[in-house]
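Here's the structure, in structure tokens; my notes come after.
FYI, it's all coordinate maths here, none of it is from the lab. From a predicted model like this one, the values you see are computed outputs, not experimental measurements. Every residue, glycine as well, gets a Cβ built from its backbone with ideal geometry; the counts of neighbours run over all protein chains shown.
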Amino acid sequence: MQRILVIGSPGAGKSTLASRIAERLGLPLIHLDHEYFGPGWTTPTKPEWRERVKALAAHPTWVMEGNYASTFDIRVPRATIIVWLDLPRWRCLSSVLWRVAKNYGQQRSDLGPACVERFDWSFMRSIWSYPNKMRSKTARMLERLRPDQRVYVLRSRSEIPALTAELSTFKEAA
């Protein structure tokens, strides 16, 4: 059973990569932002969110994308493969700025209902601070993986084609 978790900073390209992997391997795709945000950017309580993530992670196969470090303890043990997009903050910021400009005022399919694209300074600050706040926590979490779990750390988007090609071999072997 394949369960592939794609994590990283906002703007790293998690949604795009997860969509490609899911399509290539024929696996169900789960966008955690779509699951987390309700109409008009409403959010669940922490217990509600954890229960929702438990239910999603319990599925036999998936490609799940989203950081939500508060639920790593639920998702990581279920993952057979973890892909960490550890890209430079400038790359993530520029990607989000481009995405906002391209989709401003529109709803994206990887977000919840009635969550229209907008510019948000606090979101930009969270992207800027991601390496300082999350990189070491994520690295420590990946050091504790089981031997049967594979991890791929990508530091550049140029590494993505090789990863998708390698993951495609898992489908052929299944």
Points 7 angstrom from Cα along the Cβ direction at ASP148 and ALA55: gap in nanometres? 2.7 nm
Rank LEU97, LEU87, LEU111 by mean-square fluctuation in a GNM of the chain with C-alpha springs under 10 angstrom and give only the top-ranked residue. LEU97
What is the set of long-range amide H partners of GLN107 at a cut-off below 5 Å, with H atoms built 1.01 Å from backbone N? GLU117
Please give, to one decimal in nm, the separation of the simple spin-label points placed at SER168 and GLU117, each 7 Å out from Cα toward the Cβ. 2.8 nm
In which sequence would CYS115, CYS92 go, from the one with the fewest C-beta neighbours within 10 Å to the one with the most? CYS115, CYS92
Between LYS137 and GLU159, with labels modelled 7 Å along Cα→Cβ, what's the label distance in nm to one decimal, could you check? 2.1 nm
How do VAL96, VAL116 line up, fewest other C-beta atoms within 10 Å first? VAL116, VAL96
With a 10 Å radius around each residue's Cβ, average the other Cβ atoms per peptide and rank 120-130, 30-40, highest first. 30-40, 120-130
Most packed first (mean Cβ within 10 Å per residue), the peptides 157-167, 19-29 order as 19-29, 157-167
Please give me the summed charge of the neighbours of ILE74: other residues whose Cβ is under 9 Å from its Cβ, Lys and Arg +1, Asp and Glu -1. +3
Note on the range 4-105: alpha-carbon gyration tensor, axes a ≥ b ≥ c; rule is a/c under 1.5 for rounded, else prolate if a/b larger than b/c, else oblate; result oblate
Computed helical MRE - 222 nm, the chain, DSSP H runs ≥ 4 contributing -39500 (n - 2.57), nearest 500: -15000 deg cm²/dmol
For CYS115, what is the net charge nearby, where nearby means another residue's Cβ is under 11 Å from its Cβ and Lys, Arg count +1, Asp, Glu -1? -1
Arrange the following residues from fewest to most other Cβ atoms within 10 Å of their Cβ: VAL153, VAL6, VAL63. VAL153, VAL63, VAL6
Net length gained if the chain between THR16 and TRP98 were fully extended (0.36 nm per residue, minus Cα distance): 28.1 nm
Quick shape summary for the chain, equivalent ellipsoid via Cα gyration tensor, semi-axes whole Å in descending order, reads 24, 19, 17
